[in-house]
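The values are calculated or read from the model by the stated rules, or taken from the named source; none is laboratory data. Quick caveat: nothing in here was measured; it's all calculated off a predicted structure. Cβ coordinates were reconstructed from backbone atoms using ideal geometry, including for glycine residues, and neighbour counts include every protein chain displayed. With ligands, DNA and RNA removed, areas are computed over all heavy atoms of the protein, side chains included. Shrake-Rupley method; radii C 1.70, N 1.55, O 1.52, S 1.80 Å.
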Amino acid sequence: MGETETAVRGRAGVGRTMADKIWEEHVVRRADGEPDLLYIDLHLVHEVTSPQAFDGLRLNGRRVRRPDLTLATEDHNVPTVGIDQPIADPVSRTQVETLRRNCAEFGIRLHPMGDRNQGIVHVIGPQLGLTQPGMTIVCGDSHTSTHGAFGALAFGIGTSEVEHVLATQTLPQYKPKMMAVTVNGTLPPGVTSKDIILALIAKIGTGGGQGHIIEYRGEAIASLSMEARMTICNMSIEAGARAGMIAPDDTTFAYLEGRPHAPSGRAWEQALDYWRSLPSDPDAVFDEEVFLDAGSLSPYVTWGTNPGQGAPLDGVVPDPSTFSDPIERAAAERALQYMDLQPGTPLRAIRVDTVFIGSCTNGRIEDLRAAASILRGRKVADGVRVLVVPGSMAVKEQAEAEGLDEIFRAAGAEWRSAGCSMCLGMNPDQLAPGQRSASTSNRNFEGRQGKGGRTHLVSPLVAAATAVTGHLSAPSDLT
Amino acid sequence: MERFTVHTGRGVPLRRSNVDTDQIIPAVYLKRVTRTGFADGLFAAWRQDPAFVLNQPQYAGADILIAGPDFGTGSSREHAVWALQDYGFKAVLSPRFGDIFRNNALKGGLLAVVLPEAEVERLWAHVEADPTTPITVDLVEREVRYGEVRLPFDIDDYTRWRLMEGLDDIGLTLRHLDDIEAFERRRPSWKPTTVAG
Ligand code: SF4
């Protein structure tokens, strides 16, 4: 590429990271002392973070520049039962109806409640084949990082930025720094990509990736399925990073081939050529490097109220007084108080009354298969409520075709329709004050799943095993 | 957007780390379709506690939030910024911000200023000892001042200029429409659209 690039990067002769390459491909305009103006290939929209953006367009007499690069879905507010009925909560209903009106007015394709392609925004993009390597993808939702699993540059934006992308199909952006997270070795049985990311966040902290794009690499990453890769990239944001990425490879291409929006024929060949050029050069330089050994990992669970407060399931609730950093210590004390936990309690001894299997972290078909493999022929423990919420209606359909719904029902779990559901409790699926869940979602913040609710983040395997025993458990604990 | 140049006000010491946007404004408050009216949702869970710092009379009317590290992590909800602004805050000082929150804040004219952790601790102690302390956040000089203390902070020239002029980002970008059109002409044709399929 041209001189500008060398001048801007100031590291002539050094290889480029995957993010560098995608970034350069998308610069619409570059000027001294200004952020780069980046072109956006795909803009995903949902009902919560868009109404004020559409309002802004109307106020200024602006149109949506590229409705054909924009896709909307209803996910955060939608109920997961009785979806043929109007939404009962009037405020949720207004928000969903506002999205419908806005999409109609501005000519944007929308997958409404009940539609075959409706679902959590980060589940439907990949499923439709719209999420492809080398793209820039944004959405008014922090977990847009999920799409980075395909080797796309994908990040969450605020509502003002949503308006900006709607109006211009571009975003002014400063380039984040780059962090490489290398995961070598082989995952032991029963240990999943959720455990990799929980272990990483416990290690580097919720601010560890701040200001960075994380590229995950190493043999343990390369051996993961697309679903498992999405789980990791999804929670990059919980590590404080702007985005997460994984180099596209044959696993990526095989996942994409034949999907509705994937290129075909000659275009597929052209696309493949480009996609194969994307992985970071061997001599690319990262600003930060972190290493994890997959072989040393075990199932991880969180004990606190931020995703960095996690530990191996074999461990105990930590004693805040042993934390050297005063701020961390205070945070841990507060967390234990909120979570109603005593230092030294074995994590396995923590009893839950709710299990949530779903979300954009772990609501894809492979996650449901994993959970079903544990629940098959078993029963949910007495007094435990188990919600299984597919990430999209297509995932639901496929799970039903495979008979997974029967397995969940027979075990005593509730089988629901698609949506964010108890991940954030904007719909009726919420924890009551004092209730405690094992959840496959991504955030254990105070009140995230309902006011006063207590959340332990876990993998689908741990969630299913916990459903059976009633206390935090791994599949290996089951007889 | 209102211009921001120099603001002098009083501080609220929020002695907590990792205040994520779910704490700043819980999801149940996100259902409004307008940009205003979010003040009642600000720190909603904590405000029920009479001891919470915003409920203490000595901090009534204070409009500079002094927060611990990792303020505004988590969800991208811009409602967190609107809630803080609606409540009356003009600036937030913290050793470290969630990236998206800081972006949102600076887009919307809420000044998010990074200060060293030790200086935040010192400022907490100072404000707790004397809640009437005037604090000046000076974007022109890129400096926070109180008493004898002067704390320089970083902000890029472009964002500073935009805030000082109170300019709308979209209007600025639309001045470069020809660049956008030129880019679109050279975009590969195999890139997906949401229409077909
Ligand atoms: S599932 Fe949870 S994290 Fe994912 S988009 Fe929905 S609310 Fe956000």
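A 1.4 Å probe, protein heavy atoms only, puts the accessible area of B:R10 near 70 Å². Please identify which residues in the stretch A:327-368 have an amide N closer than 19 Å to a label point set 7 Å out from the Cα of A:E402, following the Cα→Cβ vector. The answer is A:356-368. What the Cα atoms of the stretch A:274-416 give is an Rg and a Dmax of 19.9, 56 Å. A simple spin-label model places pseudo-atoms 7 Å from Cα toward Cβ; at A:S223 and A:K177 they are separated by 3.2 nm.
In chain A, the calculated helix contribution to ellipticity at 222 nm averages -9500 deg cm²/dmol per residue, counting -39,500 (n - 2.57) for every DSSP H run with n ≥ 4.
Could you compute the net charge surrounding B:R102? Neighbours are other residues with a C-beta less than 13 Å from the C-beta of B:R102; K and R count +1, D and E count -1.
Working: positive: A:R242, B:R96, B:K107; negative: A:E161, B:D70, B:E78, B:D99, B:D154, B:D156.
Once positives and negatives cancel, what remains is -3.
Sequence-ordered 3J(HN,Hα) estimates for the stretch A:27-35 from the Karplus curve with 6.51, -1.76 and 1.60 and θ = phi - 60° stand at 6, 7, 7, 9, 9, 3, x, 10, x Hz, glycine and proline given as x.
The modelled label-to-label distance for the pair B:F52/B:E148, using points 7 Å beyond Cα in the direction of Cβ, is 3.8 nm. Over the protein assembly as shown, the pair-distance histogram of Cα-Cα distances with 10 Å bins from zero comes to 3, 16, 27, 28, 18, 6, 1, 0 percent, rounded to whole numbers.
The slack between A:T479 and A:R101, meaning 0.36 nm per residue of separation minus the straight C-alpha distance, is 130.8 nm.
The alpha carbons of the stretch A:172-288 occupy a box of 45, 42, 28 Å along the principal axes, longest dimension given first. Whole Å is fine, so just give me how far the alpha carbon centre of the stretch A:321-352 lies from that of the stretch B:105-168. Between the Cα centre of the stretch A:321-352 and that of the stretch B:105-168, the gap is 33 Å. Could you work out how far helix B:117-129 tilts from the main Cα principal axis of chain B, as a 0 to 90 degree angle to the nearest 10? Result, in degrees: 40. Ligands, DNA and RNA aside, A:K451 has an accessible area near 120 Å² when probed at 1.4 Å.
The mean of 1/r over all pairs of different alpha-carbon atoms in the stretch B:50-197, once inverted, gives a Kirkwood hydrodynamic radius of 17.8 Å. Of all DSSP-defined beta bridges confined to chain A, some 20% are antiparallel rather than parallel.
The aspartates and glutamates within cross-link reach of B:K31, meaning a Cα-to-Cα straight distance under 17 Å and a gap of 8 or more places when in the same chain, are A:E47, A:D55, A:E74, A:D75, A:D89, A:E97, A:D141, A:D429, B:D22, B:D40, B:E78, B:D86. Reported to the nearest whole Å, the Cα centre-to-centre distance from the stretch A:396-465 to the stretch A:246-262 is 29.
In percent, rounded to a whole number, the relative contact order of chain A is 17, using alpha-carbon pairs under 8 Å and six or more apart. Normalised by the number of residues in the stretch B:20-157, the mean separation of alpha-carbon contacts (under 8 Å, six or more apart) gives a relative contact order of 21 percent.
For the stretch A:82-115 versus the stretch B:16-54, the spacing of their alpha-carbon centroids is 26 Å. Mean partner shielding of peptide B:64-74, defined as the number of other chain Cβ atoms within 10 Å of each residue Cβ, is 4. When restricted to Cα atoms, the stretch B:82-162 yields an Rg and a Dmax of 12.8, 37 Å, respectively.
To the nearest 0.05, what FRET efficiency results for A:D287 and A:R409 with a Förster distance of 56 Å applied to their C-beta separation?
The calculated FRET efficiency here is 0.70.
Annotation: amide H-H contacts under 5 Å for B:V12 (H modelled 1.01 Å from N, sequence separation of 5 or more, or interchain): B:I64, B:L65, B:I66.
Counting heavy atoms of the protein chains alone, A:S392 has an accessible area of about 0 Å² for a 1.4 Å probe.
Please report, in whole Å³, the volume per residue of the convex hull around the C-alpha atoms of the stretch B:1-112.
Numbers: hull volume 10.7 nm³, N = 112.
Normalising the Cα hull of the stretch B:1-112 by residue number yields 95 Å³.
Enter the angle in degrees (range 0 to 90, nearest 10) between the Cα long axis of helix B:177-186 and the first principal axis of the Cα atoms of chain B, meaning the one along which they spread out most. Roughly 50 degrees between the two axes.
To the nearest whole number, what is the average tally of beta carbon atoms from other chains within 10 Å of the beta carbons of peptide B:173-181? Could you put the intermediate results ahead of the total?
On the way: counts 10, 7, 1, 7, 2, 1, 7, 9, 1.
Whole-number average of other-chain Cβ neighbours for B:173-181 is 5.
Shielding by partners for peptide A:42-54, expressed as the average number of C-beta atoms from other protein chains within 10 Å of each residue's C-beta, is 3.
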